[in-house]
1. Taking R0 as 35 Å, what's the FRET efficiency between Met161 and Ala67 from their Cβ-Cβ distance, rounded to 0.05?
2. Sort Cys84, Cys32, Cys129 so the one with the fewest other Cβ atoms within 10 Å of its own Cβ comes first.
3. Could you tell me the distance between the Cα centroids of segment 170-203 and segment 74-109, to the nearest Å?
4. If N is the number of residues in the chain, what value comes out of its Cα radius of gyration divided by 2.2 N^0.38 Å?
5. Quick one: which residues, 5+ away or cross-chain, put their amide H under 5 Å from the amide H of Val36? H built at 1.01 Å from N.
6. What does the charge dipole of the chain about its Cα centre add up to, to the nearest 20 debye, if the Cβ of each Lys and Arg holds +1 and the Cβ of each Asp and Glu holds -1?
7. State, as an integer percentage, the relative contact order of the chain based on alpha-carbon contacts under 8 Å between residues 6 or more apart.
8. Scan around Phe106 for amide H atoms under 5 Å from its own, H built in the peptide plane at 1.01 Å from N, and keep only partners 5 or more places away or cross-chain.
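FYI, it's all coordinate maths here, none of it is from the lab. All values reported here derive from a predicted model rather than from experimental measurement. Using ideal geometry, Cβ is built from the backbone for each residue, glycine included, and neighbour counts are taken over all protein chains shown.
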Amino acid sequence: MGTGKIGIMGGTFDPIHYGHLVTAEAAREKFCLDKVVFVPSGNPPHKKDKPISPGMDRANMTVLAIANNPYFEVSDIELKREGCTYTVDTLKGFIKIYDEDVQFYFITGADAVMEIFTWKDVSTILKLCRIVSAYRPGSDINKFKSMVDELERVYRSNIHMIEVPALAISSTEIRRRVREGITIKYLLPEKVEDYILKKGLYR
Ligand code: ATP
Ligand code: MG
């Protein structure tokens, strides 16, 4: 299925917000990606002890959020998988779907890269894709840069850093606001906000 460059944006997306969307769009433009595929996580190993919304709700919100960007799509590859889902398996799944010469760009926030050594099969992940990492406020830029240096030294990996407009938005903050009855307007697409209110999520 086609050649070229494909971005993969993995996340819990509980809920998806403008931080995710701005980052994906910035990566798409900077690396001339053919498209960015959003992959709502199944049962993320690092979030095992925190309750998360049903995969169906997270997928529905993601579909609503990307509707007006022709370069964005959603994949249910992780939601369909039983048990814990790992990035390395997701990448292998995508490689099976697409041509061999497709170059994958895994898009993450800096906070996720800081934890990369805890991911399953880091060295394989770094062989299968390039990492695009967006810096967001709140994470320590110097610590982040030394982490990238170390990954390049240890794995000869290709990690690109991109600057995204200062978006200190997180799903945690949005869930907290809903719980406390504070407005979430302008932090995420209106259709996602409507979905959260209609379904009574995060109360
Ligand atoms: P939570 O607060 O529940 O951890 P989150 O806002 O971090 O949620 P995730 O679904 O965990 O969202 O993140 C998916 C990916 O998006 C991760 O790689 C994360 O680093 C990145 N990301 C999240 N928020 C932002 C943001 N505001 N700017 C850039 N990247 C972000
Ligand atoms: Mg997070």
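1. Taking R0 as 35 Å, the efficiency between Met161 and Ala67 is 0.75.
2. Ascending number of Cβ neighbours within 10 Å: Cys32, Cys84, Cys129.
3. One Cα centre to the other: 28 Å.
4. Working: Rg = 16.4 Å, N = 203, 2.2 N^0.38 = 16.6 Å.
With N residues counted in the chain, Rg over 2.2 N^0.38 Å equals 0.99.
5. Gly7, Phe72, Glu73
6. So the magnitude is around 440 debye.
7. The value is 26 percent.
8. Ile8, Arg130, Ile131, Val132
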